[in-house]
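The values are calculated or read from the model by the stated rules, or taken from the named source; none is laboratory data. Predicted model, so just to flag it, every value in this text is computed and none were measured. Heads up, the Cβs are rebuilt from the backbone with ideal geometry, glycines too, and the neighbour counts pull from every protein chain shown. Quick note on the areas: whole protein, heavy atoms, side chains included, nothing else; ligands and nucleic acids left out. Shrake-Rupley method; radii C 1.70, N 1.55, O 1.52, S 1.80 Å.
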Amino acid sequence: MLLRHVRPHWPLALAVAVLLLAQTAAGLAGPGLLGSFVDAVAGGAAPVSTGSLLALVVLGGTAATVAAEAAGGRLAWRATNALREDLLRHCLDADLDFHARHSPGELISRIDGDTGKLAGLASRLILLVAVNALLLTGVCAMVWLIDWRVGLGCALLFASGLAMVRRTIGAAVTVTAEAARLAAGIGGYVEEHVRGAEDVTANGATAHVLRGLVIRGRELYRARRLSALTQVRWPRAAQHMAWIGTVGGLAAAVVLHRAGAISLGEVYAVLAYLTLTRMPLMIVAGQMSQVDEALAAIRRCRELLAERPSIAPGTTPLPSGALSVELDAVDFAYADAPVLRGLSLSVPAGSTLALVGVSGGGKTTIARLVTRALLPGAGAVRLGGVDTREAEPESLRASIGYVTQEVRVMALPVRDNLTLFDPDVADADVVAALEEVGLGGWLAALPDGLDTVLGAAAGLSAGEEQLLAAARVLLRDPGLVVLDEASSRIAPGDRAAVAAAMDRLTAGRTAIVIAHRLDTVAGADEVAVIADGRVAERGSFADLAATGGSLLAHALEAGR
Ligand SMILES: Nc1ncnc2c1ncn2[C@@H]1O[C@H](COP(=O)(O)OP(=O)(O)OP(=O)(O)O)[C@@H](O)[C@H]1O
C-alpha cells in the first residue's frame, strides 16, 4: 500500500536505495579491510594504504547513513501524506453504512493517528528492514568467501532467525492492531459525548459516561499489556541468537585457523562480521514495538481502504433544470428492520411536496433515498426519469440541494462556508444569496464581512444556520431541493424568516419538504402523510384539512 504512494517519488526512492547500498557496502568492506590490516601487521608490513582506505570507507559509510536517513524521512513523509489524502477521500466518498460503522472520532484516529505514526516510523522501518536485510545477506556472502562452512552456518542461523521474527511480528501486529482499534474506539466515545455534552450534563449522565470510559480504558490497558508482552519475546530471542552466532562462528573460525584453512586476519574478519550483525539485531529488537505499531497502522489503513461503498457509482447524468421525482413501489429496510413497504410517490417537476407523519414513520429515509444516500431494496427511485441506481454521482451532487436539520457550520470564513471552497463563485453572488434568504442585515453586522470566521466572531442561532444552508443551496442552483425542516429547534421569532427563505429556495424548483410542524406545510402544492412505511394520504393541504376523519385533519385538531 505504501509502495503505491512511494512510486510517484521514484527519483527520491532511487536515491534512498543507492544510499542504502552505499551504507551497506561500506559496512561490509570494513571488517575485510580490518582483516587485511591485521594480516599485514602480523606479516611485518606497514599497512598505510589499507589504513587510509579503511578510514575513507568508515567516513563514506557514515555520510551515506546520514543522507539515507534524511532522504528516507522525506520519502516517508511524502508517501504518508498521500496515504492520508487517500483515506480522507475514501471516508468523504463513503456511504451512510460506512459512517454508521465508524464514528468520526475513530476515523480521525485512523486518518490522522495511523498515518502520523507511519510518517514517523515508515522511514525508520524502511531503513531498518532494507539495511539489515542487505547487511545480513552481505555478511553471509563475505563470511562464505572466507570459508564456506562458516558462511553456511551463518546463513542457517539467519534463516531460522528470520522465520522466528516473522512469527513474532505476525502475532505482535495482530495484538497491536487490536490495541489501536480499542484506542480509536475511545477517541470515538469521547468525541460523541463531548459533542453531546449539553444533553449529557442536562440529563445527569456524566457518571455513566465516565464509567463507560473507565471500562474502555481497562480493555485498552489489557490489550496494550498483551501487545507489550508479545513484543518483548523477540528482543530476548534476538540477543541469544546474536551471542550463539558470534561464539559459534568464532569457535569454528579458530578451529579452521588451527587446521591451517584460514589466516589470523580472516579469523579476525569473521569475528568483526559477526559482531557487525549483532548491532542491527539489537537495534531492530530495541525498536520492535515501534515497528509493530507501524505495521499495525499499515494493516488498519489497508482495512479501511478495503471497505468498498455498498452503493456503486452509476454513469447516467441527470437532466438539467427542475427534476421530477418518482418513488415506485419502494421497499426499504435498515438491516432487518423494514421501514418502507411498497411506497409509491411522485412529485412533478417544479412542484413542492410536503411530507408529514409521526416520528419514525420513514420521512428522512425517503429523503435519503431521493438523495441517493440509500438505494431501495425493491422498486425504484427515479429523478428526471433516471433510476438513482444508474445516476452519475457528480451530476447528482450538482442537481440536488439537501438541507438537513443539523446544518454543519465550519469554523471558516463566511465565504468558504457558503461556496464550500469553489473559487469560481464571486463574492457578489455570495452576498446576493445571503440577502435573498434574509441574512443581509446579519452579514452587514459582521466585523469582517465575508472574511469573518464563523464560530469565533459570529455564533449562529438554529434559524440562522438553516438560512445559511438555504443560501448555500441557492448558490448552487440545483433542480431539486430536499428540506428537512428544523422547525422544532428554531426560535418562534425566527420561524417566519426561515419559512420565507425556504419559499424562495423552492420557487422554480422541485422540492420535497419534510415538515415537523403542520403550520409550515400550507404553502406546499401537495401534502403526503407517511404512516407505517406507506403513503396514507395525499392531496392539497386545503382538501386534506377539510376532509373529516383524515389523518391531517385529526393532527391539526390535536395540535390546536
Ligand atoms: N441509520 C439507521 N439505521 C437503522 N435504523 C434507522 C436508521 N435511520 C432511521 N432508522 C429507523 O428507521 C425508521 C424510520 O426513521 P426515519 O428517520 O426515516 O423517520 P422519520 O419519519 O424521518 O422520523 P423523524 O420525524 O423523527 O425524523 C425509524 O424506526 C428509525 O429508528
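General remarks:
- Residue check, Arg308 over 17 Å from Gly479 (Cα atoms), at pLDDT below 85 and among the charged types (D, E, K, R): yes
- Total residues in region 64-81, condition of a type in the set (Gly, Ala, Ser), surrounded by fewer than 17 Cβ atoms within 10 Å (Cβ to Cβ) and within 20 Å of the chain's Cα centre (by Cα): 0
- In region 44-64, the residues that are outside any loop (DSSP other than H, G, I, E, B) form Cβ pairs under 9 Å with partners that are exposed (fewer than 15 other Cβ atoms within 10 Å of the Cβ), at six or more places apart or across chains, as follows: Ala64/Val18.
- Any pair with Cβ under 9 angstrom, 6 or more apart, that starts in region 345-364 at a residue that is under 19 Å from Ala380 (Cα atoms) and outside any helix (DSSP H, G or I) and ends at one that is within 16 Å of the ligand (Cβ to nearest atom) and of a type in the set (Phe, Trp, Tyr): Gly362/Phe332
- In region 366-377, residue nearest to the ligand (Cβ to nearest atom) [restricted to those that are of a type outside the set (A, V, I, L, M, F, W, C) and in contact (Cβ under 8 Å) with a residue 60 or more places away in the chain]: Arg368
- Looking only at region 310-337, and only at residues there that are within 16 Å of the ligand (Cβ to nearest atom) and crowded, with 17+ Cβ neighbours inside 10 Å, the one that is nearest to Leu480 (Cα to Cα): Leu327
- One residue from Ala500, Ala536 being within 16 Å of the ligand (Cβ to nearest atom) and at negative phi: Ala536
- Count of residues meeting criterion [crowded, with 22+ Cβ neighbours inside 10 Å, modelled with pLDDT of 80 or more and within 30 Å of Glu191 (Cα to Cα)] in region 111-145: 2
- Against the list (1) away from the ligand (no atom under 16 Å from the Cβ); (2) in contact with a helix residue (DSSP H, G or I) (Cβ under 8 Å, 6 or more places away or on another chain); (3) open to solvent by less than 40 Å² (accessible area, probe 1.4 Å), the condition Gln466 fails is (1).
- For beta carbons closer than 7 Å, sequence separation of 6+ or different chains, a first residue in region 94-112 that is away from the ligand (no atom under 13 Å from the Cβ) and a second that is modelled with pLDDT under 80, the qualifying pairs are Ala94/Pro309.
- Taking region 275-305 as the range and being more than 21 Å from Leu118 (Cβ to Cβ) and modelled with pLDDT of 85 or more as the test, no residue passes.
- Top-ranked residue of region 433-447 - restricted to ones that are over 19 Å from Val498 (Cβ atoms) and free of Cβ contacts under 8 Å to residues at least 12 places away in the same chain, ranked as surrounded by the most Cβ atoms within 10 Å (Cβ to Cβ): Ala444
- Positions within region 31-58 being buried (at least 18 other Cβ atoms within 10 Å of the Cβ) and under 30 Å from Ala76 (Cα atoms), in sequence order: Val57
- Residues that are open to solvent by 20 Å² or more (accessible area, probe 1.4 Å), under 26 Å from Asp95 (Cα atoms) and hydroxyl-bearing (Ser, Thr, Tyr) were ranked within region 346-365; the one that is farthest from the ligand (Cβ to nearest atom) is Ser346.
- All positions within region 539-557 that are within 16 Å of the ligand (Cβ to nearest atom) and open to solvent by 20 Å² or more (accessible area, probe 1.4 Å): Leu551, Ala555
- In this structure, Leu343 qualifies as under 17 Å from Arg538 (Cα atoms), crowded, with 18+ Cβ neighbours inside 10 Å and more than 6 Å from the ligand (Cβ to nearest atom).
- Taking region 388-431 as the range and being away from the ligand (no atom under 16 Å from the Cβ), of a type in the set (A, V, I, L, M, F, W, C), open to solvent by less than 50 Å² (accessible area, probe 1.4 Å) and not in a loop (DSSP other than H, G, I, E, B) as the test, the residues that pass are Ala391, Leu396, Ile400, Val414, Leu418, Val430, Val431.
- Subset of region 512-560 (residues that are of a type in the set (Val, Ile, Thr) and without any contact (Cβ under 8 Å) to a residue 12 or more places away in the chain): Thr547
- Which numbered condition Gly493 fails, given (1) modelled with pLDDT of 80 or more; (2) not in a strand (DSSP E or B): (1)
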